[in-house]
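*Asks:* First the structure, which I've put down as structure tokens, then a few questions once you've had a look.
The values are calculated or read from the model by the stated rules, or taken from the named source; none is laboratory data. Just so we're clear, the structure is a prediction, and the values are computed from it rather than from any experiment. Methodologically, a virtual Cβ is constructed for each residue, glycine included, from the backbone with ideal geometry; neighbour enumeration extends over all protein chains shown. Just so you know, the surface numbers come from the protein's heavy atoms only, side chains and all, with ligands and any DNA or RNA stripped out. Shrake-Rupley method; radii C 1.70, N 1.55, O 1.52, S 1.80 Å.
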Amino acid sequence: MVNNNSLKDRIIIVAEHEEESARNITKALQEAGYENIRLAEDGSKIYEVLRPYYNRPEQVGLVIINEDLPQCQIREMCRSLSCTTDGSIIPFVVLSKKNSVQTTFCDKELCESQSRCLVYAMQHDFSFKELLMAVEFQLGMKHERFLRHKQEERLINELAERKVVDSKLKYLVVHDELTGLYNRNNFERQLRLILNRGKDLRQEGALLFIDIDRFSMINELEGFEVGDRLLVELVVLVRKFISANSLFARIGSDEFCLFLENKTETQAITEAQKIKKAVEEFRFFTGEVCYSISISIGISTLNTSSHIYHPSELVLRARQACNTAKANGRNMLWLFNDNDIAVKERRHDIFWVPLIKKALLEKELFLVYQPVVELNSGEISHYEALIRMKGEDNTVISPHQFIPVAERMGLIHNIDLWVVETAIDFLASLPAEMSHISLAINLSSSAFQETALLPTIRDKLELTWVDASRLTFEITETAAVENFEKARDMIDKIRALGCRFALDDFGAGFCSFNYLKSFPVDYVKIDGQFIQNLIDDETDQVLVKSMAEIATRLGKKTIAEFVESPKTIKKLKEYGIDFGQGYIFGRPETQLLKSRSISIMNLINQPTAVDSGLSF
Ligand code: C2E
Ligand code: CA
Ligand code: CA
């Protein structure tokens, strides 16, 4: 291990917007002998501090960062700055002021690359002694990695000098073994050269961040070898559209970056459209199955007005744009725009927080109920309770508008508890002849952190005499996987009361068949995006069929959401899906349906799909 005293002159960035905390951390560092401390009160300031050191990365020590720092996509920043394997790596010590380090840093990708990433997450109640230990440890790790990198470089140079270097070995150092493209490190290095070449970084160009839609699904279903072959075939296809010396790299398992030098925004969009179209027309064959593939592309451009100081920043912007493309339905291009993300989100949050608080206080929240139907018998198995907020002039506000804000702003626990209590009260209020009715209740992704949840459910059930078996809790697959241990523990405890569980939005996130095996859930709800176009989309058909087979084999009941047409019902029955939910059976309403069942035969023989009229 290195002598850490020699590392005390490295630059330490204290990225902390809370003044008192920044002062205390600085004082503790100074007392421990750190001489070169810089403050950054938001994300962009970090890059400003780093800018002069791009060619001297060894002088930068590390970043101590508040998890909630403004203007900062912290996960992306950690990933881009602290996940390299060369000497330019910048470690992070992340300070969580709330007890949520796990939610931010149990990201699947980050965990997978943990061996490469130098991110040290500290719980909310850390002491300065622990902080100093973490700083020392991270500095040591960075130095070791720097030395190792230097050694590797020296070795390569020596071998080259002696002309014994195997060209393949050299190639592998900078290329991705599978596709032959540049790897992430080398891509960023080359990009840095290009950026520096342009006077004052005023260079035109565009970065395309390409992500294969639902690649993880094909990997899971067909195995890694088939997944690998798909990657290679796609690379060959894309190569046809770009010049041989273009900067094209594979930077994640199914993520690619393509830099188009000296291209304007319009030219970049045209090129990206060509690539997207070619992929759309391409068919991937494996065994009996033929998949149609699509990609999402994020574009960030470089021009005289963009303030890009570091290649990773350009990559980060393109990645964010790609994420927006995926969130908006995949198979599309998205141009990076500052307003898209942070600014818009913050303005939105500031607007909504008082409204949510008022709604909780003044009883402006209410539940609507949508039937879930057994596809064989047509019997209504249960209803899903969905939250709504009363708006002005009798308007109804959708949960899409306020649930994400409530999650970001720490109001979601109150909502979760309100929903649980209200749903149980609703069951208790039903007349005796409706005591067979049961409800599915959505829990937020952070419900597992909420200690009051379990006692609230238990007490409310006891108080109202409602049978626990009349409740099913829905948690999203993404939330469950991200908080795997906690989720399993909480599910076990709530199930012990007699309640059931469903894994919601299955397939939309990790598509974790492996996790499914170990999750104690009764139902798997296949995400609506696979069902909505089921009849016209062959890939969706293959995926839904496989999901149904696997879930059934694991002893779980399957529910398909967004069932909108008679043909879809027929297909779902063919695949052996147990339950359906969607506008064709009934929209979410404040009242339950009068009948106990729905005639599936009548629906299937109905000629058209449901209209898209309004409902709650
Ligand atoms: P979700 O749990 O996946 O709920 C299903 C959503 O699909 C509901 O939207 C429902 O109205 C809609 N839907 C149902 N059938 C169809 C269909 O045939 N076609 C289409 N296009 N959509 C259909 P809603 O009620 O707007 O809820 C949106 C999301 O908000 C929910 O997604 C859930 O994640 C969240 N949410 C809703 N209620 C609650 C709640 O009480 N607590 C929490 N934490 N989250 C909730
Ligand atoms: Ca749900
Ligand atoms: Ca869902």
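*Asks:* Along the charge dipole of segment 314-394, pointing to its positive end and built from +1/-1 on Cβ of Lys, Arg, Asp and Glu, which listed residue (Asn376, Asn337, Phe366) has its Cα farthest out?
*Replies:* In segment 314-394, that residue is Asn337.
*Asks:* Whole-Hz Karplus ³J(HN,Hα) for segment 23-40, in order, using 6.51 cos²θ - 1.76 cosθ + 1.60 and θ = phi - 60°, x for Gly and Pro?
*Replies:* These are the phi-based 3J(HN,Hα) values: 4, 5, 5, 4, 4, 4, 5, 4, 5, 8, x, 7, 9, 10, 9, 10, 9, 9 Hz.
*Asks:* Rounded to the nearest Å, what's the spacing between the alpha carbon centres of segment 353-383 and segment 261-305? Just the number, please.
*Replies:* 40 Å
*Asks:* Moving on. Name the long-range amide H neighbours of Ala121: under 5 Å, sequence gap of 5 or more, or other chain; modelled H, no Pro or chain starts.
*Replies:* Residues meeting the criterion, in which the H sits 1.01 Å from N, are Val94.
*Asks:* So for the chain, what percent of the C-alpha to C-alpha distances run longer than 45 Å?
*Replies:* Roughly 25 percent, once rounded to a whole number.
*Asks:* Return the whole-Å distance between the Cα centroid of segment 541-610 and the Cα centroid of segment 31-86.
*Replies:* Each part reduced to its Cα centre gives a spacing of 51 Å.
*Asks:* Next question, about the same structure. Cross-link list Lys240/Lys274; Lys545/Lys567; Lys277/Lys571; Lys97/Lys129: which exceed 21 angstrom alpha carbon to alpha carbon?
*Replies:* Result: Lys277/Lys571 exceed 21 Å.
*Asks:* Leaving ligands, DNA and RNA out of it, report the carbon-plus-sulfur percent of the accessible area of the chain at a 1.4 Å probe.
*Replies:* The C+S portion of the solvent-accessible surface of the chain is 49 percent.
*Asks:* Still on this structure: Over 19 Å between Cα atoms, which of Lys390/Lys525; Lys460/Lys493; Lys525/Lys557 qualify?
*Replies:* Lys390/Lys525
*Asks:* Taking a probe of 1.4 Å, how large is the accessible area per residue of segment 397-497, in Å²?
*Replies:* Dividing the accessible area of segment 397-497 by its residue count gives 43 Å².
*Asks:* Something else now. Rounded if a/c is under 1.5, else prolate if a/b beats b/c, else oblate: with a ≥ b ≥ c from the C-alpha gyration tensor eigenvalues square-rooted, which is segment 346-604?
*Replies:* Because its axes are fairly even, with a/c under 1.5, segment 346-604 counts as rounded.
*Asks:* Another one. Taking 7 Å along the Cα-to-C-beta vector as the label spot, tell me the Ser127-Ala327 distance in nanometres, rounded to one decimal.
*Replies:* So the label points at Ser127 and Ala327 sit 4.0 nm apart.
*Asks:* Place the peptides 395-402, 220-227 in order of packing, highest mean first, counting for every residue the other Cβ atoms within 10 Å and averaging per peptide.
*Replies:* 220-227, 395-402
*Asks:* OK, next. Can you give the accessible area of Tyr523, probe radius 1.4 Å, in Å² rounded to 10?
*Replies:* 30 Å²
*Asks:* With a ≥ b ≥ c taken as the square roots of the eigenvalues of the C-alpha gyration tensor of segment 388-476, please select rounded if a/c is under 1.5 and otherwise prolate if a/b is larger than b/c or oblate if it is not?
*Replies:* The shape class here is oblate.
*Asks:* With every protein chain present, what accessible area does Glu462 have (1.4 Å probe, heavy atoms only), rounded to the nearest 10 Å²?
*Replies:* Probe radius 1.4 Å; accessible area of Glu462 about 130 Å².
*Asks:* Now, a different point. Please say if segment 279-403 is rounded, prolate or oblate, where rounded means a/c under 1.5 for a ≥ b ≥ c the square roots of the C-alpha gyration tensor eigenvalues, and otherwise the choice is prolate for a/b larger than b/c and oblate otherwise?
*Replies:* It comes out oblate by the Cα gyration axes.
*Asks:* If amide H atoms are built 1.01 Å from N in the plane of the peptide, which residues on other chains or at least 5 residues away come under 5 Å of the amide H of Ala440?
*Replies:* Distant-sequence amide H within range of Ala440: Tyr383, Glu384, Ala385, Thr472.
*Asks:* Continuing with the same structure: Counting only helical runs of four or more DSSP H residues, what would the 222 nm mean residue ellipticity of the chain come to if each run contributes -39,500 (n - 2.57) and the total is spread over all its residues?
*Replies:* Helix-only estimate at 222 nm: -14000 deg cm²/dmol.
*Asks:* Can you give the extra length, in nm with one decimal, that the chain gains between Trp465 and Phe366 once fully stretched, where that is 0.36 nm per residue apart less the Cα-Cα distance?
*Replies:* Gain on extension, Trp465 to Phe366, equals 33.4 nm.
*Asks:* Quickly work out the Asn24-to-Asn337 label distance, labels modelled 7 Å from Cα along the C-beta direction, and quote it in nm with one decimal.
*Replies:* 4.2 nm
*Asks:* Considering only DSSP beta bridges whose two residues both sit in the chain, what percent are antiparallel, to the nearest 5?
*Replies:* In the chain, approximately 50 percent of DSSP beta bridges are antiparallel ones.
*Asks:* Over every pair of different alpha-carbon atoms in segment 169-340, take the mean of 1/r and invert it; report that Kirkwood radius in Å.
*Replies:* 16.4 Å
*Asks:* How do Thr451, Thr478, Thr568 rank by accessible surface area computed with a 1.4 Å probe, from largest to smallest?
*Replies:* Ranked list, largest accessible area first: Thr451, Thr478, Thr568.
*Asks:* Shifting gears a bit: Grab the beta carbon distance between Arg553 and Glu265, set R0 = 60 Å, and tell me the FRET efficiency rounded to 0.05.
*Replies:* 0.75
*Asks:* Heavy atoms of the protein only, probe of 1.4 Å, neighbouring chains included. What is the accessible area of Met601 in Å², nearest 10?
*Replies:* 120 Å²
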